[in-house]
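A single structure is presented below for examination.
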Amino acid sequence: MELPIYQVDAFASRLFAGNPAAVCPLEEWLPAPTMQAIAAENNLAETAFYVPSSGEYELRWFTPTTEVSLCGHATLATAFVISGFTEPGRNLMRFHTRSGPLEVTRQSDLFALDLPARPAAPAEGPPDMAAILGAMPVTVLRSAEDYVAVYAGEATVRGLMPDLARVAKLPAQGLIVTAQGREVDFVSRYFAPAAGIAEDPVTGAAHCTLVPYWSQRLGKTNMQARQISARGGELYCRALGNRVMLSGRAVLYLEGRIHI
């Protein structure tokens with residue numbers, strides 16, 4: 001069997017930036033172990049698989065080690081592939097996922113993702129959080145999926161060198177670190193070693209938690225964010241109550257075929 005595959009740099013306006021995702025269009029679902037094996041072979045933060053369904057799409061995401069319930073950058077990458085390659089010119093895409101229906105709208109080279117908000121609440125956090133991250137956060141929050149460590153400044157977030165073995169043992173999918181930005185509204189980094197991702201370059205799902213927090217703290221609904229990983233990524237964010245709008249660009253890196 002041969003399957004098409006695309007690799008896309010999402011939340012980026014140039015190659016070798018943003019977050020790379022693989023996208024595999026399918027006519028029907030493969031067995032989950034096969035999709036997981038493909039994702040492990042790709043060894044990217046996420047591989048997205050989608051199947052057309054009555055003019056819309058079913059969509060699933062896999063890290064190298066597990067299937068996840070939400071992935072923003074791979075959703076953007078999937079919309080980019082549909083709009084630019086498999087159905088050229090399509091500007092509205094609706095996806096059915098484990099997190100419910102998601103909609104992506106293309107406006108020129110910008111893709112806007114309508115995602116569910118994942119708000120966080122104040123939490124005690126693990127007592128050794130300062131040792132895990134290398135610096136004591138000002139505030140610790142907890143969403144349904146992740147811990148959030150808030151710092152006083154961007155420089156601290158940039159300089160963190162977390163103990164990934166200890167991060168992997170936290171009772172959460174991952175760990176978000178964030179601070180108010182110098183040139184943008186807020187910055188962040190995201191670590192999820194338990195899901196096979198040491199540090200994610202750009203994380204749409206994390207911004208489903210960050211946008212409600214920073215919107216309330218800054219008193220703004222429209223914000224610009226930057227994930228300050230080594231690759232870096234730019235997101236245009238809008239808080240919409242129980243939804244979050246994330247917009248960004250994408251660039252094609254490769255197109256090929258998988259032989260299985």
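The values are calculated or read from the model by the stated rules, or taken from the named source; none is laboratory data. Owing to the predicted nature of the structure, the values given are computational and were not obtained by experimental measurement. Cβ placement follows ideal geometry from the backbone for every residue including glycine, while neighbour counts extend to all protein chains displayed.
Yes or no, residue by residue, for (1) over 21 Å from Val187 (Cα atoms); (2) surrounded by fewer than 17 Cβ atoms within 10 Å (Cβ to Cβ):
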| position | (1), (2) |
| --- | --- |
| Arg106 | yes, no |
| Phe111 | no, no |
| Arg118 | no, no |
| Ala130 | no, yes |
| Pro137 | no, no |
| Leu141 | no, no |
| Glu145 | no, no |
| Val150 | no, no |
| Gly153 | no, yes |
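May I ask you to list the residues in segment 170-222 that are touching a Cys at 6+ places or on another chain (Cβ under 7 Å) and closer than 16 Å to Pro122 by Cα?
Result: Val211, single match.
Being assigned by TED's automatic domain parsing to the domain that holds Val150, of a type in the set (Gly, Ala, Ser) and at pLDDT below 95 narrows it down to one of Ala206, Ala225, Ala230, Ala194, so name that one.
Result of the check over Ala206, Ala225, Ala230, Ala194: Ala194.
All but one of (1) closer than 14 Å to Arg98 by Cα; (2) in contact (Cβ under 8 Å) with a residue 60 or more places away in the chain; (3) buried (at least 19 other Cβ atoms within 10 Å of the Cβ) hold for Thr66; which doesn't?
Only one criterion is unmet by Thr66, namely (3).
Might you check whether a residue that is farther than 21 Å from Ala198 by Cβ and assigned to a helix (DSSP H, G or I) occurs anywhere in segment 170-182?
no
Could you run through segment 18-56 and say how many residues are surrounded by 20 or more Cβ atoms within 10 Å (Cβ to Cβ) and hydroxyl-bearing (Ser, Thr, Tyr)?
Final tally of qualifying residues: 2.
Separate question: Could you please let me know if Leu160 is in contact with a Gly (Cβ under 7 Å, 6 or more places away or on another chain) and over 26 Å from Gln107 (Cβ atoms)?
In short, yes.
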